[in-house]
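Every number here is computed from the coordinates shown, using simple stated rules; none is lab data. Note that the structure is a prediction, hence the values are computed from the model and not measured. Cβ: placed from backbone, ideal geometry, glycine included. Neighbour counts: every protein chain shown.
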C-alpha cells in the first residue's frame, strides 16, 4: 500500500495578489501560514480611484482572514525580521517563530525614487490606502483654499510617470475637476491645472505607438497637459526641477514613476539582483532550494532577457504555479520552469475612454472602457467590495458626481 506523502509546512510572506493566490491554491496540499504586516489586502489597481474621490477607501481593502475563511490556511499579522536557514524557521516582529519546509517570499514592492532628490520629502506615493487618502485630502484642501479667494491663483497637480497608474490618475483628476469640483465652485475648478510628466518619448510604452498616441489625445481632451521627454531632476516644495528645462510649478506632486522590491527582503539574507530576489527558472531562490519568491519581489528573467513586469497578472500566475511546484516537491517529482503568459494590457483614461491590447487585438473607446470595468470588478475581493464599488461607479456615472470628496487626514 502506497504511503500518502506528509503535508509540508509552507510559510508565505505577503498577502498580495501572489501570496493569497498561492495560499488558496495549495490549501489542500500543505499546512499553510500567511504572514503580512496588515490584516487586509489592498486592491492596488483601483487605489488611484480612492485618491481621486471615485471610490470609498474600504472598497479596495479586504480582510485577509475573510479571504482565507474555510480554507484551513492560518494567518499571522507581522513582518519578518530574520530567517534561520539552517533550522528552517523565520522570526516575526511579534517574536513568534514559524517553522517551515518551504518558504515563499511574496513581499511585493514599494515606490522607487530612482535617486531623484526630494521624492521622499516632497512627493506623494501611491502604494497604500493611507497614501491615497493623503493625496485626496491634499487636493481637496487646496481646492477649499481656492474657494476662499476669487483671484487668479493657480493650483497645480503634477503626476510623474506615464505608465498605467499615472495615466489613469491624471484622467481621473481631470474628470474630478471638470465634473464635481466645477459644480461645487466653478471659479476654483477653473484654476486647477493637471500635468502628466513622462521622461520617455511616449506614455504607456507597453502599448503600441498608436494606442499610446490615442491615450495622450484623450488626456489632452480632458484638459491634462502631457509633457514627454521630460526628465525630473529634483522635487522641491511647490516646484519640480527638470533636466534641461524650465521648472514646473506643482502644489501637489504625485510620484507614479515606478516601483522597486520591498526592502524587507534584505533582512532575509537572500541573494538580490537590483532590488529583487534572485530566482532561477523554477522560482526557487538561487542557492536556497527550499525558498521561493514570486510577484514583484522576484527577479525572474523572461526569455527576452528582462525582468517580468511588476503587475498583478504576473504575481497571480506565479502564485498558482508555485502551488503546483509544492505539490511536485511533496510527490518527489522534478520541478518545472515557469512560463509567463502575457494576456495583454489595459488602461482607462476616463468616462468611455480606455485602451485594451491583447496580442493583435486592440480596442479603444466605450468597448475597452467596459472591458476594463468588468475585469477589475471580477478580480476585486469580497462581495461587499464588489457591490460597493459597483454602487459608487453607478452613482458617479449617472450623476457626474463623486461622493467621496472627504478630507480625512490619517493622523
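Measuring from label point to label point, each 7 Å out along Cα→Cβ, what is the residue 286 to residue 145 span in nm?
Between residue 286 and residue 145, the label points sit 4.9 nm apart.
What does the helix-only formula give at 222 nm for the chain: each DSSP H stretch with n ≥ 4 adding -39500 (n - 2.57), the total divided by the residues, and the result rounded to the nearest 500 deg cm²/dmol? Walk me through the numbers on the way to the answer.
Numbers: 11 runs with 123 residues, N = 411.
Result for the chain: -9000 deg cm²/dmol, rounded to the nearest 500.
By how many degrees, 0 to 90 and rounded to 10, does the Cα axis of helix 129-148 deviate from the longest principal axis of the chain?
Helix 129-148 sits at roughly 10 degrees to that axis.
Under a 10 Å cutoff between Cα atoms, tell me which one of 258, 118, 108 has the largest fluctuation in the Gaussian network model of the chain.
118
Between residue 183 and residue 359, what is the spin-label point distance in nm, taking each point 7 Å from the Cα along the Cα→C-beta axis?
4.3
Considering the convex hull of the alpha carbon atoms of the stretch 83-195, report its projected area averaged over all viewing directions, in nm², one decimal.
Values: hull surface 43.7 nm².
That works out to 10.9 nm².
Two decimals is fine: what is log10 I(q)/I(0) at q = 0.16, 0.21, 0.23 Å⁻¹ for the stretch 252-324, from a Debye sum with one equal scatterer on every Cα and no solvent?
Per q value, in the given order, log10 I(q)/I(0) is -0.56, -0.92, -1.08.
What number, in nm² with one decimal, is the all-direction average of the projected area of the convex hull of the alpha-carbon atoms of the stretch 163-245? Let's see the in-between values first.
Numbers: hull surface 24.1 nm².
Averaged projected area of the stretch 163-245's Cα convex hull equals 6.0 nm².
Can you tell me the FRET efficiency between residue 352 and residue 71 if r is taken as the Cβ-Cβ distance and R0 is 45 Å, rounded to the nearest 0.05?
0.70
Output the direction-averaged projected area (hull surface divided by four) of the convex hull of the alpha-carbon atoms of the stretch 183-328, in nm². Write down the numbers at each step before the final one.
On the way: hull surface 53.1 nm².
Mean orientational projected area (the stretch 183-328, Cα hull): 13.3 nm².
Counting other beta carbons within 10 Å of each residue's own, what order do 341, 248, 294 fall into, fewest first? Numbers along the way, then the final one.
Numbers: 341 7, 248 19, 294 32.
The most exposed by this proxy come first: 341, 248, 294.
Place the peptides 198-210, 95-107, 275-287 in order of packing, highest mean first, counting for every residue the other Cβ atoms within 10 Å and averaging per peptide. It would help to have the intermediate numbers written out before the result.
Values: 198-210: 17.0, 95-107: 21.0, 275-287: 18.8.
Averaged packing, sorted descending, gives the order 95-107, 275-287, 198-210.
Modelled label-to-label distance, residue 130 and residue 339, 7 Å Cα→beta-carbon offset: nm?
4.3
Could you rank the peptides 301-309, 363-371, 33-41, 318-326 by their average count of other C-beta atoms within 10 Å per residue, with the highest value first? It would help to have the intermediate numbers written out before the result.
Values: 301-309: 12.2, 363-371: 16.6, 33-41: 19.8, 318-326: 22.8.
Ranking, from highest mean packing down: 318-326, 33-41, 363-371, 301-309.
To the nearest 10 degrees, how steeply does helix 312-330 sit against the main Cα axis of the chain, on a 0 to 90 scale?
0
Arranged by the count of other C-beta atoms within 10 angstrom, fewest first, what order do 393, 372, 255 take? Before the final figure, lay out each step's value.
Details: 393 17, 372 21, 255 28.
Going from sparsest to densest Cβ surroundings: 393, 372, 255.
Mind putting together the pair-distance distribution for the stretch 18-138? All Cα pairs, 5 Å bins, whole percent per bin, short to long.
2, 10, 17, 17, 17, 15, 11, 8, 4, 1
Taking all pairs of distinct Cα atoms, average 1/r, flip it, and tell me the Kirkwood hydrodynamic radius of the chain in Å to one decimal place. Numbers along the way, then the final one.
Values: mean 1/r = 0.0444 Å⁻¹.
Final number for the Kirkwood radius of the chain is 22.5 Å.
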